[in-house]
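The block underneath contains the structure these notes are about, expressed in structure tokens.
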Amino acid sequence: MSKPFTPKVVTANALLEGDVVYLTADDRWSRLLSEAEVIEDAAHGDLRVLHGSSQADVVVGVYLIDVALEDGVPQPTHFREEFRTRGPSNYNHGKQAELV
Amino acid sequence: MYQYNDFDRDFLAERNAQFRAQVERRIDGSLTEDEFKPLRLMNGLYLQLHAYMLRVAIPYGTLNAGQMDVLADVADKWDKGYGHFTTRQNIQYNWPKLRDVPDMLDALGEVGMHAIQTSGNTIRNVTADHFAGAAKDEVADPRPTAELLRQWSTDHPEFQFLPRKFKLAVTGSKNDRAVIKAHDIGIRLLTRDGVEGYEIIVGGGLGRTPMIGKVLREFLPKADLLPYCEAIVSVYNLLGRRDNKYKARIKITVHENGIETIRDLVEERFALLKPQFGGVDQEMLKGIEAQFALPEFTTGSVAAFKDAYHNDPVFRSWADTNLTAHKNDEYSIVSISIKKHGQTPGDATSAQMREMAAIAREFAHNELRISHEQNVILPHVHKSHLPAIHARLKAADLATANIGKISDIIACPGMDYCALATARSIPVAQQIATRFDELKLEHEIGDLKIKISGCINACGHHHVGHIGILGLDRAGVENYQITLGGDHTETAAVGERAGPGFAYDEIVPAIERLIGAYLEHRENDAERFIDAYRRLGLAPFKAALYPEAKANAA
């Protein structure tokens with residue numbers, strides 16, 4: 001039996017600003033993980049990565065991350081992705097400062 | 001110090017114009033990211049976790065006050081008002097925007113600074129002893145040699161696509177402060193029977209396979225430096241492995257082929273290359289050496305220093321810890337700690353940069369240095385100025401008396417910034433420094449090197465720390481391995497792994513137990529941690545780190 005599929009989100013960095021972005025269901029790149037499209041099957045995930053990667057004039061380094069749903073809102077499961085939703089721990093810079 | 005000539009200025013302006021056009025072509029879609037990435041890396045631009053990062057070289061760690069001011073201006077204008085000084089004498093800006101980078105490079109170019117070859121598989125920024133030109137124990141100033149190597153390696157057509165990155169370090173002193181044995185080529189200036197030359201060490205490096213460099217030539221006549229280095233790099237360029245990134249550094253080439261084979265190949269190649277140099281390099285070196293003439297030292301009473309030393313305990317503590325003997329007895333070398341307890345090692349705000357520049361201009365012959373230990377140095381200070389400098393530093397939050405102590409930690413940016421990192425480094429360093437400051441044990445513990453890397457690539461030099469900490473990702477959680485007994489000096493050694501790693505919230509208590517064991521077991525307070533470790537071996541420290549293992553065995 002194959003492993004159950006973990007929900008996923010497409011992420012990248014914005015080409016001009018470099019900051020972390022997530023692909024939404026309506027094909028936008030959002031700064032907020034909460035707005036990301038949660039992908040529930042592998043084939044759709046591959047398609048969405050392809051779709052994201054085709055926008056080389058907007059984003060860099062498109063990939064899938066694992067998420068867990070909490071009250072329907074995606075949360076990162078790995079600490080690296082958790083840091084990416086926030087910013088560095090030594091200064092109040094990045095998303096933790098800009099998105100409040 | 002070295003002043004750019006018209007050739008240097010034109011070269012840099014042209015290179016910056018090229019990169020500006022490359023950025024434009026990336027933005028308008030003419031270049032893909034795959035095409036653009038090697039171009040941006042050649043110009044020091046990375047894409048990290050949260051943003052781009054621009055790494056600017058400070059060749060051999062030397063800069064003047066005007067250059068430091070521009071580093072501050074760049075931080076204010078295009079970044080978040082601070083910069084991070086690195087273990088390879090670079091400064092990193094963590095928040096530039098892609099469109100702004102060409103302007104940043106132009107601003108830096110105005111004062112003869114650049115980001116060329118601070119990344120990519122090329123010869124990187126040439127580093128040197130941060131006390132160069134000032135140290136009492138120095139045979140000769142390593143910086144003219146380092147500048148010659150910088151000019152030779154910059155845009156060298158044969159060496160733009162090496163199997164992997166390539167790092168050079170130069171020291172002019174037997175006491176190695178430039179970690180030359182952990183570099184691809186380490187160079188030590190020396191004289192033999194009154195003749196100037198170099199000891200050439202090759203194949204050192206940290207990373208996933210740490211190696212201490214081996215002596216390739218015990219004595220290389222001064223005039224042979226460039227053809228000999230060119231021979232080494234070209235032998236490596238052909239022989240180095242391109243099939244496996246993890247085996248591509250010259251340390252593996254030397255290890256797999258043997259130092260004798262490498263030596264034979266280098267000598268053979270050197271014989272071919274030597275005649276091609278024809279002495280022009282030595283003429284250039286003479287010109288460079290003239291530019292590194294020492295400042296005109298002043299002379300005068302040092303009574304103000306002595307008075308402050310006797311009457312002000314805070315000044316005395318700082319003087320005892322942060323000053324180093326200068327070759328001129330009336331002078332001192334001042335190390336400015338940019339590691340106040342709880343701050344990020346190596347970070348300075350733009351205001352601090354400007355204040356350090358102002359102090360250098362006013363009191364210290366206009367010169368500053370950046371150390372690989374992520375501090376700032378005033379190399380030439382007449383002792384009479386020390387009390388005034390200390391007061392100014394105190395006001396700028398720059399007077400922490402911790403050089404060489406437990407809170408003078410090297411830490412890579414780790415997973416707070418770096419895309420390669422597997423765990424955070426900075427908060428671990430901050431917490432260790434804060435904890436031992438609370439305990440008021442720092443000066444009791446004495447000299448100690450803690451070095452922290454947030455991944456196996458070892459930018460934080462953990463292998464050569466007396467206590468090394470390596471942050472890893474173990475099953476999706478941060479985990480920290482401790483190594484003990486590393487040495488970054490002329491007696492370089494790679495530390496030994498103490499045992500299983502510690503969780504993020506366990507690492508600081510583990511270090512505290514380790515230090516407790518040292519304080520308990522040392523013969524007297526003159527025996528440093530590293531000396532106690534060498535005398536006692538791993539056992540008592542291991543017992544302190546893993547008390548439960550001891551309990552289970554009992």
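Values quoted throughout were computed directly from the atomic coordinates according to the rules given, and no laboratory measurement underlies them. Owing to the predicted nature of the structure, the values given are computational and were not obtained by experimental measurement. Neighbour counts are summed over all protein chains in view; Cβ atoms, including those assigned to glycine, are modelled from backbone coordinates with ideal geometry.
Neighbours of B:Glu330 by Cβ distance under 15 Å: Lys/Arg scored +1, Asp/Glu scored -1, total +2. In this structure the amide hydrogen of B:Lys449, modeled in the peptide plane, comes within under 5 Å of the amide hydrogens of B:His466, B:Ile467, none closer than 5 places in sequence on its chain. Across the stretch B:186-203, coupling constants 3J(HN,Hα) worked out from phi with the 6.51/-1.76/1.60 Karplus curve, θ = phi - 60°, read x, 10, 10, 6, 8, 10, 10, 6, x, 9, 7, x, 9, 8, 10, 10, 9, x Hz, and Gly and Pro carry x.
Dividing the summed -39500 (n - 2.57) terms of all DSSP H runs of n ≥ 4 by the residue count of chain B sets its mean residue ellipticity at 222 nm at -12000 deg cm²/dmol. Roughly how many whole Å is it from the C-alpha centroid of the stretch B:147-215 to that of the stretch A:3-36? Each part reduced to its Cα centre gives a spacing of 44 Å. Ignoring aspartates and glutamates fewer than eight residues from B:Lys174 along the same chain, the ones with Cα atoms less than 19 angstrom from its Cα are B:Asp129, B:Asp137, B:Glu138, B:Asp141, B:Asp184, B:Asp193, B:Glu196, B:Glu199, B:Glu218, B:Glu373, B:Asp487, B:Glu490. Apply the a/c threshold of 1.5 to the C-alpha gyration tensor of chain A and tell me whether it is rounded, prolate or oblate. Here chain A falls in the oblate category. The alpha carbon centroids of the stretch B:502-530 and the stretch B:296-361 are separated by 29 Å. Rounded to the nearest whole Hz, the Karplus-based 3J(HN,Hα) values (6.51 cos²θ - 1.76 cosθ + 1.60, θ = phi - 60°) of the stretch B:141-151 follow the sequence 5, x, 6, x, 4, 5, 5, 4, 5, 4, 5, with x at glycine and proline.
Extent along the principal axes, Cα only, for the stretch B:374-420: 46, 20, 19 Å, with the longest axis given first. Per residue of peptide B:43-53, the mean number of Cβ atoms on other chains within 10 Å of the residue Cβ is 5. Give the relative contact order (percent, whole number) for the stretch B:120-173; include only Cα pairs under 8 Å separated by 6+ residues. Across the stretch B:120-173, relative contact order equals 60 percent. What the Cβ-Cβ distance of B:Asp103 and B:Val314 gives, at R0 = 30 Å and to the nearest 0.05, is a FRET efficiency of 0.10.
Highest mean packing first, where packing is the average number of other Cβ atoms within 10 Å per residue, the peptides B:526-534, B:434-442, B:420-428, A:6-14 line up as B:420-428, A:6-14, B:526-534, B:434-442.
Spin-label pair B:Phe219-B:Ala543: with each label point 7 Å from Cα along the Cα-Cβ axis, the two points sit 4.9 nm from one another.
Shape analysis of the stretch B:306-395 based on the Cα gyration tensor places the equivalent ellipsoid semi-axes at 20, 15, 13 Å, largest first. Taking the alpha carbon gyration tensor of the protein assembly as shown, multiplying each eigenvalue by 5 and rooting it gives semi-axes of 38, 32, 27 Å, largest first. What is the distance in Å between the Cα centres of the stretch A:39-100 and the stretch B:11-55? Using only Cα atoms, the two centres lie 24 Å from each other.
The packing ranking, built from the mean of other Cβ atoms within 10 Å per residue, places the peptides B:33-44, B:401-412, B:178-189, B:223-234 in the order B:178-189, B:401-412, B:223-234, B:33-44, highest first.
With the simple model of a label 7 Å out from the Cα in the direction of the Cβ, A:Glu98 to B:Thr298 spans 4.7 nm. Cα-based radius of gyration for chain B, normalised by 2.2 N^0.38 Å, reads 0.95.
Per-residue Karplus couplings for the stretch A:65-80, computed as 6.51 cos²θ - 1.76 cosθ + 1.60 with θ equal to phi - 60°, are listed in order as 10, 6, 9, 10, 8, 10, 6, x, 9, x, 10, x, 9, 9, 5, 4 Hz, Gly and Pro entered as x. Shape class for the stretch B:39-93: oblate, because the ratio a/c of the largest to smallest gyration tensor axis (alpha-carbon atoms, square roots of eigenvalues) is 1.5 or more and b/c is at least a/b. Inter-chain Cβ neighbour count for B:111-119, averaged per residue, equals 0 (cutoff 10 Å, partner chain atoms only).
Pairs spanning more than 19 Å between alpha-carbon atoms, out of B:Lys251/B:Lys405; B:Lys167/B:Lys327; B:Lys222/B:Lys274; B:Lys181/B:Lys327: B:Lys251/B:Lys405; B:Lys167/B:Lys327; B:Lys181/B:Lys327.
For peptide A:7-18, the mean count of partner chain Cβ atoms within 10 Å of a residue's Cβ comes to 4.
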